[in-house]
Amino acid sequence: MSDRHTDHANGDGSGTDDVVELILRDHRTMEDLFRDMRNVEADRAAAARRLADLLIAHAEAEEAEVYPALRRYRNVDDEDVEHSVEEHTEGHEALLALLEAGEPGGDEWDEKLEDLVQAVNHHLDEEERSLINDARENVGAERRAELGRAFARARRDLLATAPGRPENVRRVVAESSG
């Protein structure tokens with residue numbers, strides 16, 4: 001696995017606790033993993049497992065630690081927070097479809113990968129233009145650092161449970177649509 005896939009938001013001395021920077025780093029890592037998942041020369045199955053773990057841990061940490069705090073800021077649109085939660089659900093459903101599509105490289109797997117890439121990239125783009133910018137503009141640096149530490153801790157704890165396992169993704173999808 002290449003060095004660019006180093007986990008930054010886990011207290012590894014990456015130099016920042018700012019929740020905005022930590023979330024953006026995860027977003028870029030997801031994009032890197034999508035490139036690997038499309039690359040026939042790469043270990044596509046390993047990239048898919050890593051993406052599944054990261055996607056679930058990232059979204060659940062945001063929903064547990066970041067989104068509730070952002071709702072308390074006047075200049076952060078509550079509808080943007082709700083929309084992001086809905087998009088997490090769509091991403092999790094697309095992830096589950098990929099995990100159930102068989103081995104990397106098959107026609108169904110490639111099709112489900114593109115569905116996942118489209119759902120997640122749409123969310124990353126919207127979240128960065130709305131919530132991330134709102135947090136950068138309206139939340140002070142000290143509070144962003146507190147949120148970053150809470151996000152990183154929740155994310156790290158979730159990653160330790162291998163949250164991208166198909167049975168766990170099924171549970172997450174069932175809970176979010178139930």
How many residues are assigned to a helix (DSSP H, G or I), without any contact (Cβ under 8 Å) to a residue 12 or more places away in the chain and not basic (Lys, Arg) when one looks only at the range 13-35? 0
If I filter the range 135-147 for residues that are within 22 Å of Ala45 (Cα to Cα), assigned to a helix (DSSP H, G or I), open to solvent by 10 Å² or more (accessible area, probe 1.4 Å) and not aliphatic (A, V, I, L, M), do I get at least one hit? no
Ala45 vs. criteria touching a helix residue (DSSP H, G or I) at 6+ places or on another chain (Cβ under 7 Å) and either among the aliphatic types (A, V, I, L, M) or open to solvent by 50 Å² or more (accessible area, probe 1.4 Å) (or both): no
Identify, from the list Val120, Val85, Val81, Val76, the residue that is among the aliphatic types (A, V, I, L, M) and farther than 21 Å from Ala174 by Cα. Val76
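The values are calculated or read from the model by the stated rules, or taken from the named source; none is laboratory data. Predicted model only: the values in this text are computed from it and were never measured. Cβ: placed from backbone, ideal geometry, glycine included. Neighbour counts: every protein chain shown. Calculation scope for accessible area: heavy atoms of the full protein, side chains included, ligands and nucleic acids excluded. Shrake-Rupley method; radii C 1.70, N 1.55, O 1.52, S 1.80 Å.
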